[in-house]
Amino acid sequence: QLSTNFYSTSCPRAISTIKSAVNSAVAKEARMGASLLRLHFHDCFVQGCDASVLLDDTSGFTGEKTAFPNANSLRGFDVIDTIKSQVESLCPGVVSCSDIIAVAARDSVVALGGPSWPVQLGRRDSTTASLSSANSDLPGPGSDLSALITAFSNKGFTANEMVALSGSHTIGQARCTNFRTRIYNEANINSTYATSLQANCPNSGGDDNLAPLDTTTPKFFDNAYFKNLLSQKGLLHSDQQLFNGGSTDSQVTTYSNNLVSFKTDFANAMVKMSNLSPLTGTSGQIRTNCRKVN
Ligand code: HEM
């Protein structure tokens, strides 16, 4: 039901407006590209790509922003607000918040040197959100390979697609609280790498101190993430699980040697992720303000 030309008559400048805004946000801060990509993932894995992740908590409504994977972690809400107000002034009540996130995620990857993909459009926005689904459906950084495979399989993805999508961690940052156990207690980590991370992630305190998920080129969407895994330089426990003597090792090796095959598989998996259970037709609504139900 979605189509790439959904707004071509109702809001012809919507897509170029989103792209310009993403390009300027990424030019200002490269990490914002990573944050917008992650926002799309955390939207789509919880109730489908319906912008449920954008809804603010109020006294009578609990959204997803305080879920463990999101709280003090998800970013990019202001950029989405800016884009939304620009497209609202062009075409009031036409462009959904969920479509804005989907296009912004694609444009972010392109801005950082990654592949492009066609974004199907026509998603509508939810009137609900689910804190409990956000807590249960988004995989955590302590997950083992089997848990990662299951979390993605629950959303219809193969293990191969899970590995390709994990290549997102070639950009962006993580907080100390999410990799502390790994750098102090795990054996399958490069010891020089672990020691260097410990300087900015003490045994206690500094929970929000950041380190790049890709230690070599964190502002560039390439295959360095997979190369790092071969030398046990995955930042998160879950990252290194993809190359730890298990069934996904060979795919990691392939991606580390073949940038084109990673980019192709990543783009295809993103198309699939972007299409997770959209609201269409008369379901949901086009929110005026992405942070609240009309
Ligand atoms: C395979 C399971 C995954 C796990 C366990 C996981 C976990 C995490 C964690 C813990 C962080 C750091 C958050 C923080 O410290 O505040 C992170 C960051 C990030 N994740 Fe994932 N993630 C996974 C898959 C994905 C997927 C599928 C995507 C996108 C399609 C993605 C995109 C990102 C990006 C771009 C960042 C950096 C965000 C920023 O710098 O603001 N991740 N992830």
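Values in this text are rule-based calculations from the coordinates and carry no lab data. The structure presented is a predicted model; accordingly, all values stated were derived computationally and were not measured. Here the Cβ is made from the backbone with ideal geometry for all residues, glycine too, and neighbour counts use every protein chain on show.
Working from the pairwise distances between different alpha carbons, so that the mean of 1/r is found and then inverted, what is the chain's Kirkwood radius in Å?
Values: mean 1/r = 0.0516 Å⁻¹.
Across the chain, the inverse of the average 1/r is 19.4 Å.
Going by how many other Cβ atoms sit within 10 Å of their own, how do 36, 121, 210 line up, fewest first? Write out the running numbers ahead of the final one.
Numbers: 36 28, 121 24, 210 15.
Going from least to most buried by this count: 210, 121, 36.
Nothing charged except the Cβ atoms of Lys and Arg (+1) and of Asp and Glu (-1): what's the magnitude of the dipole of the chain about its Cα centre? Round to the nearest 20 debye.
Dipole size: approximately 440 debye.
Work out how far the C-alpha atoms of region 14-138 reach from end to end along every principal axis, then list the three figures in whole Å, largest first.
Extents along the principal axes: 35, 30, 24 Å.
Would you be so kind as to identify which of 229, 184, 80 lies farthest towards the positive end of the dipole of the chain, taking Lys and Arg as +1 and Asp and Glu as -1 on Cβ and the Cα centre as origin?
Of the listed residues, the answer is 80.
Among 35, 274, what is the fewest-to-most ranking by other Cβ atoms within 10 Å?
Details: 35 22, 274 26.
Placing the least packed residue first, the sequence is 35, 274.
Count the net charge of all other residues whose Cβ sits under 13 Å from the Cβ of residue 23, scoring Lys and Arg as +1 and Asp and Glu as -1.
+1
Just name one of 269, 259, 248: the one whose Cα is farthest towards the positive end of the charge dipole of region 236-292 (beta-carbon charges, Lys/Arg +1, Asp/Glu -1).
Sorting the options by dipole projection puts first 269.
By what distance, in whole Å, do the Cα atoms of region 199-253 stretch along each of the three principal axes, largest value first?
So the three principal-axis extents are 37, 25, 14 Å.
Per the Cauchy relation, a quarter of the hull surface: what is the mean projected area of the convex hull of the alpha carbons in region 224-294, in nm²?
Directional mean of the projected Cα hull area for region 224-294 stands at 7.5 nm².
For region 14-138, build the charge dipole from Cβ charges (+1 Lys, Arg; -1 Asp, Glu) around the Cα centre, then report which of 128, 110, 22 sits farthest towards its positive end.
The residue sitting most towards the positive pole is 110.
Sketch the reach of a paramagnetic label on residue 264 as a point 7 Å from Cα along Cα-to-Cβ, and name the residues of region 214-235 whose backbone nitrogen lies under 17 Å away.
223
For the chain, return all DSSP H helices satisfying: extent of Cα atoms along own axis at least 15 Å; mean Kyte-Doolittle hydropathy at least 0.0.
Details: long enough: 14-28 (21 Å, 0.68); 31-44 (20 Å, 0.02); 77-90 (20 Å, 0.27); 97-111 (20 Å, 1.21); 259-274 (22 Å, 0.51).
Qualifying helices, which must be both long enough and hydrophobic enough, are 14-28, 31-44, 77-90, 97-111, 259-274.
Can you work out the FRET efficiency for the pair residue 192 and residue 71, with r the C-beta to C-beta distance and R0 = 30 Å, to the nearest 0.05?
After rounding to 0.05, the efficiency reads 0.40.
Quantify how much of the Cα-Cα distance distribution of region 145-269 extends past 25 Å, in percent.
Numbers: 1650 of 7750 pairs.
Percent of Cα pairs beyond 25 Å in region 145-269: 21.
Can you give me the distance in nm between label points at residue 147 and residue 116, each placed 7 Å from the Cα along the Cα-to-Cβ direction?
Simple spin-label model gives 3.9 nm for this pair.
Quick check for me: using +1 on Lys/Arg Cβ and -1 on Asp/Glu Cβ, what's the dipole size of region 75-150 about its Cα centre, in debye to the nearest 20? Don't skip to the answer; put the middle values down first.
Values: 5 positive and 8 negative charges, 24 e Å.
The calculated dipole for region 75-150 is roughly 120 debye.
If the only charges are +1 at each Lys and Arg Cβ and -1 at each Asp and Glu Cβ, what is the size of the charge dipole of region 164-294 around the Cα centre, to the nearest 20 debye?
Working: 11 positive and 8 negative charges, 96 e Å.
My answer is approximately 460 debye.
Please give the net charge around residue 266, taking every other residue with its beta carbon less than 12 angstrom from that of residue 266, where Lys and Arg add +1 and Asp and Glu add -1. All intermediate terms of the calculation are to be shown ahead of the outcome.
On the way: positive: 106, 263, 272; negative: 161, 222, 265.
Every neighbour counted, the sum reads 0.
Could you give the length gained on full extension between residue 254 and residue 285, defined as 0.36 nm per residue of separation minus the Cα-Cα distance, in nm? Could you put the intermediate results ahead of the total?
Numbers: separation 31, 0.36 × 31 = 11.16 nm, distance 4.28 nm.
Extra length available between residue 254 and residue 285 comes to 6.9 nm.
In which sequence would 45, 68 go, from the one with the fewest C-beta neighbours within 10 Å to the one with the most?
Details: 45 23, 68 12.
Ordered from fewest to most neighbouring Cβ atoms within 10 Å, 45, 68 come out as 68, 45.
Can you check what the net charge comes to around residue 178, using other residues whose Cβ is under 14 Å from the Cβ of residue 178 (Lys, Arg +1; Asp, Glu -1)?
Neighbourhood net charge equals 0.
Determine which lysines satisfy two conditions relative to residue 28: a Cα distance under 26 Å, and not lying fewer than 8 residues away in the same chain.
Cross-link targets: 19, 65, 84, 219, 263.
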